[in-house]
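Just so it is clear, none of the values below were taken in a lab; they were calculated from the coordinates. Remember, it's a predicted structure, so these values are computed and weren't measured experimentally. Counting neighbours? That spans all protein chains shown, and the Cβs are built from the backbone with ideal geometry, glycine included.
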Amino acid sequence: MATDTSSLNLNKEVETAEDFLPILGTDYVELYVGNAKQAAHYYQSAWGFQPVAYAGLETGIRDRVSYVLQQDKIRLVLTSPLQKGGDINRHINEHGDGVKVVALWVDDATKSYDETIKRGAESYMEPKKIEDENGEVVLSGIHTYGETVHIFVERKNYNGPFMPGFKKWDPEYKAPETGLKYIDHMVGNVGWNEMNKWCEFYAKVMGFAQLVSFDDKDISTEYTALMSKVMSNGNGRIKFPINEPADGRKKSQIEEYIDFYNGAGVQHIAVATDNIIETVKALKARGVEFLYVPETYYDTVLDRVGEIDEDLEPLKELGILIDRDDEGYLLQLFTKPVLDRPTMFFEIIQRKGAKSFGKGNFKALFEAIEREQEMRGTL
């Protein structure tokens, strides 16, 4: 698991980012879930994640169990409590299953902690070194919106399957992968009038820069609206759009999320693929459900986005959306919520040069979400 960072291209892509906190990438995303064993089976079977590591009673941990799964550069940690009481139980009771940790891979976890704390971050975990026969990992952490936390992971001196405290998990069952490559961006939903506060947090505390902003004229339908700003670190590997509700005639998806999650949290994880048609076909065949896009969307889409490499018919059959910016175009599709509560979902994205986030699709996407909200009785 140790990685030589000397050959990584960490060129600055976002010139306005102060970038005093070099981030090499997303290390892992940890979800607190009611049943980690069954959730792990879902992400293996439906999504093609591969088993990596395990921690629990067999490894000397008494209060929780964690399964680590990976597909290319995307690493998920699924954690459940083993006893009554405690913070994980409380978190699940309050929020349902959801993202607790967005872990960031860094070269120096102590420096990352010190730099963010002195700029105003609230401490979640002071720097600590954990060791086993495979080497050492240094961890530290800070709070962000809601109960979400960032843990800084320094693993340059570690060669084990994940980190100390975990053992290799190598079950007989391994589902084929579905072509997912890396996390493109992760979206946070925050409460009314909190977007600017958290964008300022990422700018001031973590040295991020604002890439783009959308207001309620950009992201609205007849009924609902939201505001969004996209924050990015210097090398462009970490992108965090931050959404807040905006006034509309009915309850927006952001308000629905906050009502059911009971506060701010991670709304969706956008995962990249090099072939969205094959990836979505594989996911659908395994039971992953996507939002419905009306066929009329495709009547005029090429007039808006121009020529694309793909045949339109398979995109239409799968409901894949298309958008273009000055740099190229992108293909994207959104799942229905993957949890019982209408909170977290996934986006599948393939970039063909585009660096934007599908602004031209917002209206179609929102209308699709509103159809789902109507069925749930929450619009």
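Summary table below
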| read-out | value |
| --- | --- |
| Theoretical ellipticity at 222 nm over the chain - DSSP helices of four or more residues, -39500 (n - 2.57) apiece, nearest 500 | -7000 deg cm²/dmol |
| Neighbour-count ranking [beta-carbon atoms within 10 angstrom, fewest first] of ASP259, ASP184 | ASP259, ASP184 |
| Relative contact order (%) - segment 99-145, alpha-carbon pairs under 8 angstrom, separation at least six | 36 |
| Cβ-based exposure ranking for THR110, THR116, in which fewest neighbours within 10 Å come first | THR110, THR116 |
| Spatial extent of segment 180-376: Rg and Dmax, with the Cα atoms as the point set, Å | 16.2, 46 |
| Most mobile of LEU283, LEU31, LEU339 in a GNM of the chain (Cα contacts under 10 Å) | LEU339 |
| Reduced Cα scattering model of segment 227-287, Debye log10 I(q)/I(0), q = 0.26, 0.29, 0.30 Å⁻¹ | -1.02, -1.13, -1.18 |
| Tail fraction, Cα-Cα pairs, the chain, threshold 36 Å, whole percent | 20 |
| Residue order, fewest to most surrounding Cβ atoms within 10 angstrom, among SER45, SER140 | SER45, SER140 |
| Overall dimensions of segment 11-168 as given by Cα atoms, namely Rg and Dmax in Å | 16.0, 49 |
| Per residue convex hull volume, Cα atoms of segment 76-172, in Å³ | 126 |
| Most mobile of GLU172, GLU200, GLU289 in a GNM of the chain (Cα contacts under 10 Å) | GLU172 |
| Degrees separating the helix 362-376 axis from the principal Cα axis of the chain, which is the longest one | 80 |
| Rel. contact order, % - alpha carbon contacts under 8 angstrom, at least six apart, segment 11-168 | 24 |
| Segment 180-376 - percent relative contact order, Cα under 8 Å, separation 6 or more | 23 |
| Residue of VAL99, VAL190, VAL338 that the Gaussian network model of the chain assigns the largest fluctuation, springs spanning Cα pairs under 10 Å | VAL338 |
